[in-house]
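Engineer: After the C-alpha cells below, expect a handful of questions from me.
The values are calculated or read from the model by the stated rules, or taken from the named source; none is laboratory data. Being a predicted model, the structure only gives us computed values, none of them experimental. Heads up, the Cβs are rebuilt from the backbone with ideal geometry, glycines too, and the neighbour counts pull from every protein chain shown. Remember, those area values only see protein heavy atoms, side chains included, never the ligands or the DNA or RNA. Shrake-Rupley method; radii C 1.70, N 1.55, O 1.52, S 1.80 Å.
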Amino acid sequence: MADRVTVIGWDGSPLTAAARSALGAATLVAGAAHHLALPEVPPPAERIRLGSVALAARRIAGHRGTAVVLADGDPGFFGVVRTLRAPEFGLEVEVVPAVSAVAAAFARAGMPWDDAQVVVAHRRTLRRAVNVCRAHTKVAVLTSPGAGPAELGLLMEGVHRTFVVCEELGTDRERVSVLTSDKAVDHTWRDPNVVIVIGGSVSAPSDDSGWISGRDPGTGPRGWALPAEAYGGGLGEGESELLRAAQLARLGPRVGDLVWDIGCGSGAFSTEAARAGAAVLAVDRDLDACARTDAAARQRGVQLQIVRGTAPHVLENLPEPDVVRVGGGGVAVVSAVADRRPQRIVTHAATRDTAELVGRDLTEHGYHVECALVQSVQLDTRAWTETERSVAFLLSGVLPDRRP
C-alpha cells in the first residue's frame, strides 16, 4: 500500500533534478493530460487522468508502488496538496513546488503582488470573487471554466477596472492581454488563465515596503463607528456612533460580501463597511449625500460604488446583496429589500408604531427579527452635563435558511 506521494509542480520550465528523480522512479503518475504527455513520465507507469483529486488520492492510497502527482504551478497554493493531506487518505506528502500561476502572472505584468488579494473563482464562488474585485484595488483571480474573465467582466457592470488576462502560462500558447473589464465580455478566453484586476482610487505610495500581504489592516484610524468629526460633522438621523456600531455588529460585513447601504447619508456606514473589506453599494437620491459619501470613502482610502436614485425602484437592477442596511425609506424599502433575500437586514425606526410595522413585514418575509431601543447620551466630562441625546429602535432580521 502506498503511504507516500510526491507532488511535483510544473510551470512550463524544465523539471528540477529532484522532480526528474522522483518521476523516474514512479510506478503511478497522476496529472492532467499535458502533464501525462511529458517525456519524463516513465512509459511503464500507471497513469491517472486527474479530475477528482479525492478519487485519485484513494487510488494512490491503494497503490503498491511509488506514486507521483503532477500539478500546475505551486501545488500548495490553492492546489492538490490540501486534499492529498486529508487524514482519511493516510498519505505522507512530499512537495516539489514550481512558480505559482499568480506569481507568474504578476511577473508577466511586471508588478509587485505582496499588496494583492488572491481569490479562486468557481461557479459557486464567482459572485464573492467579484465582490472582492469591487472592494480592492489589486486582485488576482484564479479562474475556472464558467467563471473566467468574461463572467467577471459581466458581473462587474458599473465598476471600471483594468484586466490583465494571462492565458496558458508556461506553454507555447501563452498570451497576455490588457483591456478594460467591460471589453472582457466580448472575448473567448483559453483555460487555464489568471486575471489580474486593477483599478479604483489608490492611496499615495509609501516609502514603507509593507509587512503583511494583501491590504494592510493597520491603515486608517483605529476603531469603528468613528465620531461625526471624522466625516465632516452633521451626521443625519440614524447615523449616531452608537447606532452605527450596533448596525455594523449585527450585519458583520466581511471580505467577499456585497453590502447595500440604502440612504447612505454622509457615507459613514458605507465607509466603515468597506473598511471591513466588503464591497459596498451606497444608494441615495440626494446628490449632496452621494458627494459626501464619495469624499468620505476617498478620505479613508476605500472602494465604493455609489448609485444615485430613489428606493425601492433603484434597487431592481442592483446585484444580489449579502447584507443590507436601510437608512431611510421606511417599510416599503425594507419590504423590497426582503424580497431580494439578503442574509441579514438592519434598519432603525423613530417610533414604536413604525418599528412594529417593519418588524411585522420582516417576519412575514421569513426573517427572525430582533428589536432593541437604543439610547445614546453624550456627556461633557468637564462638567458631566448632557450635550446630546438620541433614541431609536434598532431592528435586525436574519434569514435562517440562507447560509451566512
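Engineer: Would you tally the residues in region 142-154 being out of contact with any Phe, Trp or Tyr (no Cβ under 9 Å at 6 or more places or on another chain) and either crowded, with 22+ Cβ neighbours inside 10 Å or in a helix (DSSP H, G or I) (or both)? Explain how you work it out, then say what you get.
Structural biologist: Of all residues in region 142-154, those out of contact with any Phe, Trp or Tyr (no Cβ under 9 Å at 6 or more places or on another chain) come to 144-147, 151, 154.
If we keep only those that are either crowded, with 22+ Cβ neighbours inside 10 Å or in a helix (DSSP H, G or I) (or both) as well, we get 147, 151, 154.
Total satisfying the criteria: 3.
Yes or no, residue by residue, for (1) surrounded by fewer than 16 Cβ atoms within 10 Å (Cβ to Cβ); (2) farther than 27 Å from VAL326 by Cα; (3) aromatic (Phe, Trp, Tyr):
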site: ARG134; (1), (2), (3): no, no, no
site: THR162; (1), (2), (3): yes, yes, no
site: THR171; (1), (2), (3): yes, yes, no
site: LYS183; (1), (2), (3): yes, yes, no
site: ASP191; (1), (2), (3): yes, yes, no
site: ILE196; (1), (2), (3): no, yes, no
site: GLY210; (1), (2), (3): yes, yes, no
site: SER213; (1), (2), (3): yes, yes, no
site: LEU235; (1), (2), (3): no, no, no
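Engineer: Let me ask something additional. I'm told ARG128 meets every condition in (1) more than 30 Å from ALA297 (Cβ to Cβ); (2) among the charged types (D, E, K, R); (3) not in a strand (DSSP E or B) except one. Can you identify the failing condition by its number?
Structural biologist: That leaves (1) as the condition not met.
Engineer: Assuming VAL194 fulfils every condition listed in (1) of a type outside the set (D, E, K, R); (2) out of contact with any Gly (no Cβ under 9 Å at 6 or more places or on another chain); (3) under 28 Å from ALA276 (Cβ atoms); (4) not in a strand (DSSP E or B) apart from one, which condition is it?
Structural biologist: (4)
Engineer: Still on this model: Quick check on my filter: what residues within region 72-92 are open to solvent by 50 Å² or more (accessible area, probe 1.4 Å) and of a type in the set (Phe, Trp, Tyr)?
Structural biologist: Those that are open to solvent by 50 Å² or more (accessible area, probe 1.4 Å) and of a type in the set (Phe, Trp, Tyr): PHE77, PHE78.
Engineer: If you take the residues in region 242-256 that are open to solvent by 10 Å² or more (accessible area, probe 1.4 Å) and assigned to a loop (DSSP other than H, G, I, E, B), which one is farthest from ARG275 (Cα to Cα)?
Structural biologist: Top of the filtered list is GLY252.
Engineer: Still on this structure: Output the number of the condition that HIS160 fails; it satisfies all remaining conditions of (1) over 24 Å from ALA101 (Cβ atoms); (2) free of Cβ contacts under 8 Å to residues at least 60 places away in the same chain; (3) in contact with a Lys or Arg (Cβ under 8 Å, 6 or more places away or on another chain).
Structural biologist: Of the numbered conditions (1) over 24 Å from ALA101 (Cβ atoms); (2) free of Cβ contacts under 8 Å to residues at least 60 places away in the same chain; (3) in contact with a Lys or Arg (Cβ under 8 Å, 6 or more places away or on another chain), the odd one out for HIS160 is (3).
Engineer: Out of everything in region 373-404 that is surrounded by fewer than 10 Cβ atoms within 10 Å (Cβ to Cβ) and within 23 Å of ASP322 (Cα to Cα), what residue ends up being modelled with the highest pLDDT?
Structural biologist: PRO400
Engineer: For the subset of region 303-330 comprising residues that are touching a residue at least 12 places away in the same chain (Cβ under 8 Å) and either acidic (Asp, Glu) or open to solvent by 50 Å² or more (accessible area, probe 1.4 Å) (or both), which member is farthest from LYS138 (Cα to Cα)? Break it down into steps so the answer makes sense when it comes.
Structural biologist: Of all residues in region 303-330, those touching a residue at least 12 places away in the same chain (Cβ under 8 Å) come to 303-312, 314-315, 318-330.
Then keep just the ones that are either acidic (Asp, Glu) or open to solvent by 50 Å² or more (accessible area, probe 1.4 Å) (or both); that gives 306, 308, 310, 320, 322, 329.
Numbers: ILE306: 20, ARG308: 26, THR310: 32, GLU320: 23, ASP322: 22, GLY329: 35 Å.
Top of the filtered list is GLY329.
Engineer: Let me ask another. Any idea how many residues of region 240-278 are closer than 17 Å to VAL398 by Cβ and among the charged types (D, E, K, R)?
Structural biologist: 3
Engineer: Could you check, for region 340-351, whether at least one of its residues is without any contact (Cβ under 8 Å) to a residue 40 or more places away in the chain and within 28 Å of ALA278 (Cβ to Cβ)? First the steps, then the outcome.
Structural biologist: Step one: list which residues in region 340-351 are without any contact (Cβ under 8 Å) to a residue 40 or more places away in the chain, which gives 340.
Then keep just the ones that are within 28 Å of ALA278 (Cβ to Cβ); that gives 340.
Yes, some residue in region 340-351 is without any contact (Cβ under 8 Å) to a residue 40 or more places away in the chain and within 28 Å of ALA278 (Cβ to Cβ).
Engineer: Could you list, in sequence order, all residues of region 273-302 that are in a loop (DSSP other than H, G, I, E, B), at pLDDT below 95 and surrounded by 20 or more Cβ atoms within 10 Å (Cβ to Cβ)? If you could, list the steps in order and put the result at the bottom.
Structural biologist: Step one: of region 273-302, the residues in a loop (DSSP other than H, G, I, E, B) are 276-278, 285-286, 301-302.
Filter once more, keeping what is at pLDDT below 95: 276-277, 301-302.
The answer is GLY277, VAL302.
Engineer: Return yes or no: is ARG222 out of contact with any His (no Cβ under 7 Å at 6 or more places or on another chain) and either crowded, with 18+ Cβ neighbours inside 10 Å or in a loop (DSSP other than H, G, I, E, B) (or both)?
Structural biologist: On the way: out of contact with any His (no Cβ under 7 Å at 6 or more places or on another chain): yes; either crowded, with 18+ Cβ neighbours inside 10 Å or in a loop (DSSP other than H, G, I, E, B) (or both): yes.
So ARG222 fits the description; yes.
Engineer: Now, a different point. Report whether or not THR310 is among the polar types (S, T, N, Q) and over 19 Å from GLY263 (Cα atoms). Reasoning before the result, please.
Structural biologist: On the way: among the polar types (S, T, N, Q): yes; over 19 Å from GLY263 (Cα atoms): no.
No, not satisfied.
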